[in-house]
Amino acid sequence: MDPQVPRAAGVPEDPEVPGILHLDMDAFFASVEIRDDPSLRGLPVVVGGAGARGVVAAASYPARERGIRSAMPMATARRLAPDLVIVPGRMERYREISRQVMDLLRTVVADVEQISVDEAFLDARPARRLFGPPEEIAGLLRRRIRDDLGLPSSVGGSVSRAVAKIASARAKPDGMLIVPADRTAAFLAPLPVSVISGIGPTAVAALERIGVRTVGDVRDIPASTLTRAIGPQAVQVMRLADGTDRTGLGRRVRDKSLGTERTWDEDLTDPQEVRRRITMMADDVARQLRRSGFSARTVVLKLRSPDGTTITRSATLDQPTSSGERLREHVVALWERERARMPRVRLAGVRATHLAAAGPGGEPRELTGRSAGWQDLETAMDRARDRFGAASLARGSTLRNDETVRSEGSVRRDGASRPGTDGRRPGTDGRRGSHFQG
Ligand SMILES: [Mg+2]
């Protein structure tokens with residue numbers, strides 16, 4: 001791809017660029033205290049309660065060198081370091097600095113998902129046109145956090161959020177580790193399975209019983225054996241071991257459903273017409289899903305008659321999807337079941353709910369069967385819409401008799417911009433850095 005050409009908004013980024021970054025502040029609370037009181041630098045500093053039942057909330061690296069860890073009883077920490085400096089926590093101060101860190105990240109990368117007071121996932125791929133490859137962006141962020149805020153941080157980068165988080169932990173302290181897509185499996189192979197988020201002591205023990213200690217061991221075990229040992233988590237563990245996980249950032253809670261709704265001035269009485277309109281709505285919702293990187297597990301059809309009677313019906317899909325074809329099948333089936341009760345339609349709406357972040361192809365290929373082809377076609381149609389304008393393309397089954405079909409390799413509606421007639425509203429539409437080379 002020519003890097004000079006800006007990509008249209010909504011076109012998925014190259015999933016093979018290791019631009020999913022996990023930025024984690026180093027010993028955050030302790031580092032803030034040292035920044036605010038430089039006389040503490042180089043000392044074994046811990047933040048936490050000094051009383052008999054106090055616990056270490058954060059430990060500076062000099063403290064960690066003595067074996068002191070977070071969540072350790074303060075009495076133990078004191079034994080390990082008789083010269084221990086105990087600072088009571090100042091949560092309000094840490095939150096204030098946390099906001100400054102997140103604001104700084106957003107000056108470089110638009111897509112920032114804060115996951116705790118001192119950690120965030122970032123999708124740096126769109127920023128690379130301005131700032132260069134992910135390692136440049138990671139270096140820039142670390143430098144600015146150091147220069148502007150006086151704090152150390154570490155960054156991991158990968159094609160997957162899970163791997164980025166593992167990489168940042170291994171980059172600490174004050175480091176950076178970017179794992180290229182084709183090195184992912186080799187990077188993870190020697191690590192204990194416990195590095196995988198969600199694999200706790202119970203799962204570790206279950207895996208050990210089937211001979212799995214490292215992530216690499218997973219590749220020698222049949223999927224069925226793995227599933228028997230740890231349940232549905234096995235799918236994600238296998239993807240990580242194979243280096244095929246491409247899970248990016250999660251989305252905000254308010255984006256838990258996507259939909260479109262329309263009220264008509266005149267009642268719709270022709271079932272074919274209702275069917276055509278909800279088909280277009282399903283396409284529109286699927287396009288919104290693909291643009292925002294989601295798949296939906298449930299599709300909801302809403303219908304209202306002129307007297308205000310409202311029917312809401314939903315269908316649960318066997319697999320999450322962002323395919324208009326699959327959403328259409330379900331909303332049309334819902335309509336067929338309800339049409340006798342709703343001879344006149346004044347309002348119709350289609351909504352996708354139970355959303356999950358989609359894989360790079362919109363949904364996992366191995367699970368989709370024939371719909372994978374639709375996914376490809378629909379992604380191509382999205383690109384064409386981005387280039388030639390919304391509503392320039394529609395599926396054949398949404399065409400009416402009075403609309404012209406031209407064959408230019410695709411179906412085109414005649415008079416593409418006729419607002420109000422097509423069921424679509426117009427316009428809705430560092431210092432220590434390394435590459436893993438194992
Ligand atoms: Mg941290």
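The values are calculated or read from the model by the stated rules, or taken from the named source; none is laboratory data. None of these values were measured; they are calculated from a predicted model. Positions of Cβ are backbone-derived with ideal geometry, glycine not excepted, and every protein chain shown enters the neighbour counts.
What about Ala77, is it touching a strand residue (DSSP E or B) at 6+ places or on another chain (Cβ under 8 Å) and modelled with pLDDT under 95?
no
Tell me, yes or no, whether the stretch 224-244 has at least one residue that is outside any helix (DSSP H, G or I) and buried (at least 19 other Cβ atoms within 10 Å of the Cβ).
yes
Do we have any residue at all in the stretch 249-271 that's in a helix (DSSP H, G or I) and over 23 Å from Leu355 (Cβ atoms)?
Scanning the stretch 249-271, I find at least one residue that is in a helix (DSSP H, G or I) and over 23 Å from Leu355 (Cβ atoms), so the answer is yes.
When you scan the stretch 166-178, do you find a residue that is in contact with a Lys or Arg (Cβ under 8 Å, 6 or more places away or on another chain), more than 29 Å from Pro62 (Cα to Cα), of a type in the set (A, V, I, L, M) and buried (at least 24 other Cβ atoms within 10 Å of the Cβ), even just one?
Within the stretch 166-178, none of the residues are in contact with a Lys or Arg (Cβ under 8 Å, 6 or more places away or on another chain), more than 29 Å from Pro62 (Cα to Cα), of a type in the set (A, V, I, L, M) and buried (at least 24 other Cβ atoms within 10 Å of the Cβ).
Mind checking which pairs have a first residue in the stretch 19-42 that is within 16 Å of Ile97 (Cβ to Cβ) and at pLDDT 95 or above and a second that is of a type in the set (Lys, Arg) and part of a helix (DSSP H, G or I), Cβ under 7 Å, 6 or more apart or different chains?
Close Cβ pairs (under 7 Å, with a partner that is of a type in the set (Lys, Arg) and part of a helix (DSSP H, G or I)) amount to Val32/Arg93.
Inside the stretch 60-131, counting only helices (runs of 4 or more DSSP H) that do not spill past its ends, which hold 2 or more residues that are under 24 Å from Ala169 (Cβ atoms) and within 16 Å of the ligand (Cβ to nearest atom)?
In the stretch 60-131, 61-65, 91-106 are the helices (runs of 4 or more DSSP H) which contain 2 or more residues that are under 24 Å from Ala169 (Cβ atoms) and within 16 Å of the ligand (Cβ to nearest atom).
Of all the residues that make up the stretch 132-145, how many are assigned to a helix (DSSP H, G or I) and more than 15 Å from the ligand (Cβ to nearest atom)?
Residues meeting the conditions: 9.
Quick test for you: out of Gly48, Gly54, pick the one residue that is under 22 Å from Pro173 (Cα atoms), at pLDDT below 95 and over 25 Å from the mean Cα position of the chain (by Cα). Even if it seems obvious, please write down each step before you answer.
On the way: Gly54 fails: under 22 Å from Pro173 (Cα atoms).
Just a single option satisfies the conditions, and that option is Gly48.
Here's the yes/no breakdown for (1) in the same structural domain as Gln236 (by TED's automatic domain parsing); (2) assigned to a loop (DSSP other than H, G, I, E, B):
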{"site": "Pro173", "(1), (2)": "no, yes"}
{"site": "Met176", "(1), (2)": "no, no"}
{"site": "Pro190", "(1), (2)": "yes, yes"}
{"site": "Ile199", "(1), (2)": "yes, yes"}
{"site": "Thr202", "(1), (2)": "yes, no"}
{"site": "Val212", "(1), (2)": "yes, yes"}
{"site": "Asp217", "(1), (2)": "yes, no"}
